[in-house]
1. Taking the residues in the range 264-281 that are surrounded by fewer than 14 Cβ atoms within 10 Å (Cβ to Cβ) and in contact (Cβ under 8 Å) with a residue 12 or more places away in the chain as candidates, determine which candidate is farthest from the chain's Cα centre (by Cα).
2. With the range 7-70 as the region, which helices (runs of 4 or more DSSP H) entirely inside it contain at least 1 residues that are surrounded by fewer than 24 Cβ atoms within 10 Å (Cβ to Cβ)?
3. If only one of 247, 200 is touching a strand residue (DSSP E or B) at 6+ places or on another chain (Cβ under 6 Å), closer than 30 Å to residue 82 by Cβ and free of Cβ contacts under 8 Å to residues at least 40 places away in the same chain, which one is it?
4. Conditions first: (1) more than 21 Å from the chain's Cα centre (by Cα); (2) closer than 29 Å to residue 288 by Cα. Residue 212 passes all but one, so which condition is the exception?
5. Looking at the range 163-186, can you tell me whether even one residue there is over 30 Å from residue 104 (Cα atoms), touching a strand residue (DSSP E or B) at 6+ places or on another chain (Cβ under 8 Å), surrounded by fewer than 24 Cβ atoms within 10 Å (Cβ to Cβ) and without any contact (Cβ under 8 Å) to a residue 40 or more places away in the chain?
6. Which of the numbered conditions does residue 173 fail, given that it passes all the others? Conditions: (1) closer than 19 Å to residue 72 by Cβ; (2) in a loop (DSSP other than H, G, I, E, B); (3) at pLDDT 95 or above.
7. Would you call residue 157 over 26 Å from residue 49 (Cβ atoms) and either modelled with pLDDT of 95 or more or touching a strand residue (DSSP E or B) at 6+ places or on another chain (Cβ under 7 Å) (or both)?
8. Looking at 130, 183, can you tell me which residue is in a loop (DSSP other than H, G, I, E, B), on the phi < 0 side of the Ramachandran plot and modelled with pLDDT under 95?
């Protein structure tokens with residue numbers, strides 16, 4: 001197996017995520033969140049980022065608390081297990097550690113915006129949100145009349161991330177990748193993104209990827225870099241590999257009630273570990289092992305024969 005597009009996490013973030021970039025993360029909703037990639041962005045002290053995503057869970061909150069973020073384009077930011085994220089609230093209300101711009105979307109309009117970006121069109125029309133304050137004046141949306149009648153529509157602008165970061169179960173060195181479970185808007189964001197970083201639990205031969213083309217998340221030619229990072233989505237889940245660490249979310253929520261507490265959390269879990277291996281060491285073998293998938297539950301085989 002050749003090295004192909006494989007880079008270390010440090011190299012991938014250094015090369016392809018710059019200050020001021022728009023970055024799409026957490027696109028499979030509560031699963032497959034690329035925490036290891038987000039932590040490396042924090043360690044490399046990127047600034048003035050725009051974060052794009054639906055329900056981001058605590059990764060957006062961590063990036064905001066680290067001072068990496070100037071703007072968020074999202075449906076919701078916080079801690080699914082506990083409520084709003086404290087760092088997000090401090091930044092939005094008090095400018096701590098810095099003021100952020102908030103561009104409100106629904107989960108559906110995030111999907112429409114990324115789909116428009118993937119299609120290469122400037123917007124997609126919809127009926128959604130017309131009765132909502134989210135579509136108020138000054139937001140990203142425009143109202144207009146359908147060219148095929150007098151119906152009022154909402155025009156959702158295309159979202160084109162500078163970088164899309166995806167976590168998947170397996171990938172090949174050339175950028176082919178398989179993902180399964182709830183995928184959210186991962187495929188749309190990958191097709192819309194100018195650069196795509198794929199973080200994989202496992203690196204496999206290209207023949208494994210091509211053996212099941214219906215499971216391919218994004219065409220390999222769209223992938224900029226591949227990172228092998230087992231455990232890189234913890235504390236979120238990766239179907240077939242490990243479950244969600246519910247307790248970790250609660251511990252994070254308690255620890256980050258104050259800005260000083262958030263700084264201490266980042267010092268311990270991000271700046272103090274240097275990479276995912278050390279992160280998992282700090283988590284502890286017993287706790288990490290308790291999240292592992294027990295037993296097998298394979299899908300039924302598929303016969304791709306032409307006869």
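1. 268
2. Working: elements: 9-16, 35-43, 58-65.
Counting at least 1 such residues, we get 9-16, 35-43.
3. Details: 247 fails: touching a strand residue (DSSP E or B) at 6+ places or on another chain (Cβ under 6 Å).
Criteria check complete, one pass: 200.
4. The single condition residue 212 does not satisfy is (2).
5. yes
6. Looking at each condition in turn, residue 173 falls short on (1).
7. Details: over 26 Å from residue 49 (Cβ atoms): no; either modelled with pLDDT of 95 or more or touching a strand residue (DSSP E or B) at 6+ places or on another chain (Cβ under 7 Å) (or both): yes.
In short, no.
8. Values: 183 fails: modelled with pLDDT under 95.
130 is the lone residue from the list that is in a loop (DSSP other than H, G, I, E, B), on the phi < 0 side of the Ramachandran plot and modelled with pLDDT under 95.
The values are calculated or read from the model by the stated rules, or taken from the named source; none is laboratory data. Quantities reported herein were computed from a predicted structural model and do not represent experimental measurements. FYI the Cβ positions are ideal-geometry reconstructions off the backbone, even for glycines, and counts take in every protein chain you see.
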